[in-house]
Ligand code: ADP
Ligand code: MG
């Protein structure tokens, strides 16, 4: 069975020329051009610009429109719990973190090199904020990003593992594919063999192919339970740190500091 309805690329003939052009842009799904059509044609009529100038401004509107909708779509698909940018991060509050280092990371060169980032530190120091901010930068530069807390991912694997095998393979593809995977809150979890094997294989397969950003308020040693054994954890951590920026944040909790300032 084919498509039940297709677009027919024909327009009714008996309308004014400007209306006909507008309808054609709509039919061709050039929404950016449609949205600025009246404004740009008015401006062109009043200006002394060339035909090329007019056409270029129309094409630029379409490019900007398509880029904004791509970015918004990818931001949604990343499943960030909230969105905060690097510019919202107060680096003066956290002297352990070098602004320059994050500016370099925001260039996303680490993604081209399939390098990882591990952010260690106690609660409230901004680990998740920084991971999300780098994720947003990556999306703006055209890299696909997916965010999971480790708890969420474990829960999803357990749920899917009870269904058909194809569902588990589908989930695996979802977490394997993105150029940047954020695994937030790599904390203390006892995992069953299905989960630990999934996570082990995932990080094994992403090694030297894609970047993963981890946040944790524990140490590498505490990750043993996640991967099912000391040996497996050792082998995965070895791969993670092979090409990796490790940042230890030892400062105060930003949340707590703000709260204390409000208290009498
Ligand atoms: P963590 O993941 O380390 O527990 P979060 O990233 O969740 O901490 O930070 C807790 C809250 O404090 C968030 O709302 C975050 O935006 C904010 N925050 C933390 N550090 C800073 C900072 N240096 N500048 C601005 N906001 C911060
Ligand atoms: Mg956090």
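Just so you know, all these numbers are worked out from the coordinates, no wet-lab data involved. Predicted, not measured: the structure shown is a model, and the values here were computed from it. So basically every Cβ, Gly included, is an ideal-geometry build from the backbone, and we count neighbours across all protein chains shown.
Across segment 94-123, the residues whose backbone nitrogen lies under 13 Å from the label position 7 Å along the beta-carbon direction of residue 140 are 103-108.
Please work out the FRET efficiency for the pair residue 18 and residue 173, using the Cβ-Cβ distance as r and a Förster radius of 51 Å; give the result to the nearest 0.05. That gives a FRET efficiency of 0.60. Based on C-alpha pairs under 8 angstrom that are at least 6 apart in sequence, segment 63-156 has a relative contact order of 46 percent.
Here the relative contact order of segment 25-115, from alpha carbon pairs under 8 Å that lie six or more residues apart, stands at 23 percent.
Once the gyration tensor of the Cα atoms in segment 35-169 is diagonalised, the equivalent ellipsoid follows with semi-axes of 39, 24, 13 Å, ordered largest first.
Counting alpha carbon pairs within less than 8 Å and at least 6 residues apart, what relative contact order, in whole percent, applies to segment 140-264?
24 percent
For the chain, what are the per-bin percents of Cα-Cα distances with bins 5 Å wide, up to the bin holding the maximum? Percent of Cα pairs in each bin: 1, 5, 10, 13, 13, 12, 9, 8, 7, 7, 6, 5, 3, 1, 0, 0.
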